[in-house]
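Asker: Pasting a structure below so you can have a look.
The values are calculated or read from the model by the stated rules, or taken from the named source; none is laboratory data. Treat the numbers as computed from the prediction; the structure is a model and nothing was measured. Positions of Cβ are backbone-derived with ideal geometry, glycine not excepted, and every protein chain shown enters the neighbour counts.
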Ligand code: HEC
Ligand code: HEC
Ligand code: HEC
Ligand code: HEC
Ligand code: HEC
């Protein structure tokens with residue numbers, strides 16, 4: 001403050017024109033509690049204002065809402081024993097399937113409200129069926145609360161909702177995603193000899209059931225084939241988002257079904273490690289499938305998606321260069 005005042009006085013001697021601007025700055029600094037944004041630094045003849053005089057940032061609008069928790073076991077409840085898989089999943093786009101499409105979802109919600117007058121859980125599940133399947137077990141009230149958060153753009157408050165562990169391991173994998181899972185939870189996985197999932201207190205956390213489908217493309221088809229249902233048509237009958245037809249494309253692609261390549265073979269490469277880690281219990285070594293699910297958001301995945309070769313020869317005094325690009329993708333590329 002003192003430094004600024006000194007500089008301000010000096011400036012006043014030379015630049016009387018700046019008087020009004022400077023008075024405004026000094027007034028703002030004198031009342032730091034006022035929710036007034038500090039004057040633009042470029043307007044002041046001094047350098048950046050000293051940190052001690054900085055006015056506190058005005059609170060972001062809207063005020064952050066409390067975090068909503070998934071009505072079925074949140075991914076964070078699996079983190080304790082499946083830490084590595086959790087970390088991989090957390091950086092994957094499966095953990096962002098709601099936050100990454102909030103804008104479109106808000107548009108859809110507003111459209112349904114204006115057309116039908118009221119929004120129902122069934123309308124919401126039209127998107128959440130694939131973008132947050134565990135919301136199926138939410139009450140009507142919770143669902144409408146979620147709709148408000150989406151329309152308000154409250155990303156942090158809805159970040160627990162997405163394609164989480166139970167979306168794949170309990171709902172999609174059971175083949176009966178509409179049935180409320182019994183307690184304790186049943187999870188389906190690729191292990192035939194899973195160690196009992198018990199915590200330190202000896203309580204069973206979940207039943208483990210082997211499912212041959214976990215290694216097959218059909219498991220992914222639950223969501224990666226989007227046929228617009230009749231009741232979700234928007235804007236005069238045409239819905240402007242084609243979510244994913246990857247499964248359909250895989251069924252006919254040269255590097256897809258015909259070669260026996262499953263989605264998991266390319267998208268869930270295996271590493272040596274442990275399927276779970278529980279303190280005091282020796283776990284069997286396993287070839288653990290990666291849960292990072294790289295796709296079009298991943299530069300590395302895109303870079304490895306093709307083989308490119310160049311061949312050059314001179315024909316009649318002209319240099320002819322042939323570029324051959326061979327796709328290694330098990331579907332179209334890009335495929336949205
Ligand atoms: C049958 C499953 C399914 C339904 C129903 C569905 N989606 Fe999707 N959606 C997907 C999948 C799978 C992807 C990922 C596509 C990809 O990455 O290639 C996706 C991707 C998207 C994206 C792009 C996300 C990004 O990161 O840019 C948006 C936006 C989107 N969906 C919005 C919606 C909205 C809005 C609804 C409801 C009207 C909806 N989806 C319903 C499966 C579905
Ligand atoms: C998009 C679907 C999907 C999501 C989300 C998902 N998984 Fe998986 N997970 C799979 C599939 C598919 C396999 C089997 C892959 C294979 O065998 O090739 C698997 C395998 C596993 C295994 C067996 C590991 C082994 O050594 O074989 C464990 C444990 C597991 N997942 C835990 C989790 C946890 C915990 C989460 C959440 C943090 C999670 N998964 C999220 C699809 C998913
Ligand atoms: C208290 C520890 C603990 C917690 C918490 C826990 N698990 Fe497990 N889970 C295990 C153990 C132990 C195994 C067996 C690992 C092995 O045999 O290598 C296992 C195995 C699995 C498997 C493989 C099952 C199979 O038959 O292939 C899946 C899938 C799985 N857990 C998902 C989850 C999900 C989803 C959650 C959260 C809702 C969760 N686990 C929470 C300890 C736990
Ligand atoms: C419960 C629904 C669901 C299931 C089951 C599912 N996915 Fe997804 N997946 C989605 C949605 C929704 C997205 C869109 C993420 C986003 O917002 O961009 C997505 C995105 C992806 C992406 C794109 C990642 C990126 O960079 O954008 C890949 C790759 C993918 N999924 C692979 C798989 C594979 C492989 C399986 C089967 C083992 C699978 N998914 C099972 C719903 C699902
Ligand atoms: C032969 C390997 C291979 C197979 C099999 C394969 N993929 Fe892919 N996939 C890739 C590669 C490489 C990319 C990155 C390039 C790209 O985005 O097209 C990709 C990208 C994706 C994306 C990002 C979206 C996009 O527009 O490209 C999704 C979603 C996806 N795959 C899902 C699946 C599903 C679901 C299956 C099974 C039905 C599957 N993939 C089978 C190699 C494969």
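Asker: Have a look at 152, 160, 156, 193 and point out the one that is within 13 Å of ligand 2 (Cβ to nearest atom), assigned by TED's automatic domain parsing to the domain that holds residue 89, surrounded by fewer than 22 Cβ atoms within 10 Å (Cβ to Cβ) and closer than 15 Å to residue 102 by Cβ.
Answerer: Selected residue: 160, the only one of 152, 160, 156, 193 that is within 13 Å of ligand 2 (Cβ to nearest atom), assigned by TED's automatic domain parsing to the domain that holds residue 89, surrounded by fewer than 22 Cβ atoms within 10 Å (Cβ to Cβ) and closer than 15 Å to residue 102 by Cβ.
Asker: Still on this structure, please answer the following. Please go through the stretch 179-194 and pick out each residue that is touching a helix residue (DSSP H, G or I) at 6+ places or on another chain (Cβ under 7 Å), farther than 8 Å from residue 210 by Cα and assigned to a loop (DSSP other than H, G, I, E, B).
Answerer: 180, 181
Asker: Considering only residues that are within 16 Å of residue 97 (Cα to Cα) and either touching a strand residue (DSSP E or B) at 6+ places or on another chain (Cβ under 8 Å) or away from ligand 1 (no atom under 16 Å from the Cβ) (or both), which ones fall in the stretch 163-184?
Answerer: 165, 166
Asker: Additional query: Of (1) more than 10 Å from ligand 2 (Cβ to nearest atom); (2) under 22 Å from the mean Cα position of the chain (by Cα), residue 281 satisfies all except one. Which?
Answerer: Residue 281 satisfies every listed condition except (2).
Asker: May I pose another question? Looking at 113, 79, 91 in this structure, which one is over 26 Å from residue 288 (Cβ atoms) and in the same structural domain as residue 140 (by TED's automatic domain parsing)?
Answerer: Matching residue, one of 113, 79, 91: 113.
Asker: I'd like to check something: does the stretch 316-325 contain any residue that is modelled with pLDDT of 75 or more, in a loop (DSSP other than H, G, I, E, B) and at positive phi?
Answerer: Scanning the stretch 316-325, I find at least one residue that is modelled with pLDDT of 75 or more, in a loop (DSSP other than H, G, I, E, B) and at positive phi, so the answer is yes.
Asker: Shifting gears a bit: Determine the pairs where a residue that is closer than 28 Å to residue 246 by Cα, located within the stretch 263-284, has a partner that is part of a strand (DSSP E or B) and near ligand 4 (Cβ under 9 Å from one of its atoms) with Cβ atoms under 8 Å apart, the partner being 6 or more residues away or on another chain.
Answerer: Within 8 Å, the pairs are 264/289; 268/289; 269/289; 270/289.
Asker: While we're here: Please work out if residue 215 is assigned by TED's automatic domain parsing to the domain that holds residue 102, touching a helix residue (DSSP H, G or I) at 6+ places or on another chain (Cβ under 7 Å), at pLDDT 85 or above and over 20 Å from residue 170 (Cα atoms).
Answerer: When the stated conditions are applied, residue 215 does not pass them.
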